[in-house]
């Protein structure tokens, strides 16, 4: 087994464990999907560096685009909660999170990496742009 595949498996294990203890199955599945997508990149970003930082970065990136840090949402954790769990530094994890979001072009209401709750809440899901105007598809 290649070094990258071993790191991918370890990264999935770390994020699944965190999600089972602190989040939900939705985040667990999205984390695995995101890690596998990163693993298919020509230059795999998690090939080097501390694996715990990458695990925290994955959770943080998904949390950022899914409003995980909003106290009114469920589930909810803080960035500090993530860093305390993985024993990581906030600025380092925030940097990895941004790197992941930039690399995969992740944004709010991302069709591939949004939680089911966020998809339901998205008021723009039934809208399209036609001739420069936003209109309902209904």
Of all residues in segment 61-76 being exposed (fewer than 15 other Cβ atoms within 10 Å of the Cβ) and without any contact (Cβ under 8 Å) to a residue 40 or more places away in the chain, the one that is farthest from residue 90 (Cα to Cα): 72
Of all the helices (runs of 4 or more DSSP H) wholly in segment 1-72, which have at least 2 residues that are modelled with pLDDT under 95 and more than 14 Å from residue 83 (Cβ to Cβ)? 3-22
Looking at segment 85-109, which of its residues are at pLDDT 95 or above, closer than 17 Å to residue 35 by Cα and not in a helix (DSSP H, G or I)? 104, 105, 106
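The values are calculated or read from the model by the stated rules, or taken from the named source; none is laboratory data. Just so it is clear, the model here is predicted, and its values are computed rather than measured. Methodologically, a virtual Cβ is constructed for each residue, glycine included, from the backbone with ideal geometry; neighbour enumeration extends over all protein chains shown.
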